[in-house]
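Structure, as structure tokens:
The values are calculated or read from the model by the stated rules, or taken from the named source; none is laboratory data. None of the values given here were measured: they were computed from a predicted structure. Please note: Cβ atoms are built from the backbone with ideal geometry, for glycine as well, and neighbour counts cover all protein chains shown.
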Amino acid sequence: MAKTDAAQGPLTPAVLHILMALSTGERHGYGIMKQVESDSQGQVKMGPGTLYGSMGRMMEAGLIRESAKRVDPEMDDERRIYYELTGAGRGALEAELNRYRGVVALAEGRLAHGQ
């Protein structure tokens with residue numbers, strides 16, 4: 001498994017959003033785009049170029065993998081490729097969330113002490 005900056009953090013916003021979208025289960029590309037939009041309350045709209053470019057790098061880094069190709073009953077008869085987190089992907093997401101927690105704790109501490 002190749003180790004890249006994406007696997008070491010900090011993660012790009014696109015990678016973070018994709019990992020979060022996949023953290024609750026496997027999804028196909030369109031489903032990931034819709035989940036990112038929902039998670040961000042419409043603030044982040046990820047287009048196909050950003051999504052699939054990021055996902056290609058994430059697969060190379062071992063953060064995600066293709067899980068299956070099947071029909072999405074809510075969409076149409078088209079077979080779609082589904083993606084899922086790997087153990088490394090879940091670890092990268094947890095590390096990034098811990099990094100954010102540290103930043104927030106530092107900021108809150110400074111605000112509380114007027115620094």
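Please verify whether segment 16-27 includes one or more residues that are of a type in the set (Asp, Glu) and either modelled with pLDDT of 90 or more or over 23 Å from residue 100 (Cα atoms) (or both).
yes
Against the condition at pLDDT 90 or above, within 12 Å of the chain's Cα centre (by Cα), within 17 Å of residue 90 (Cβ to Cβ) and part of a helix (DSSP H, G or I), how does residue 55 come out, does it pass?
yes
Could you list all residues from segment 43-52 that are without any contact (Cβ under 8 Å) to a residue 24 or more places away in the chain and part of a helix (DSSP H, G or I)?
The answer is 48, 49, 52.
Given the conditions (1) at pLDDT below 95; (2) within 12 Å of residue 14 (Cα to Cα); (3) not in a loop (DSSP other than H, G, I, E, B), and given that residue 70 satisfies all but one, which numbered condition is not satisfied?
(2)
Would you be able to say whether some residue in segment 32-43 is among the basic types (Lys, Arg), closer than 26 Å to residue 103 by Cβ and either surrounded by 12 or more Cβ atoms within 10 Å (Cβ to Cβ) or at pLDDT 95 or above (or both)?
Checking segment 32-43: not a single residue is among the basic types (Lys, Arg), closer than 26 Å to residue 103 by Cβ and either surrounded by 12 or more Cβ atoms within 10 Å (Cβ to Cβ) or at pLDDT 95 or above (or both).
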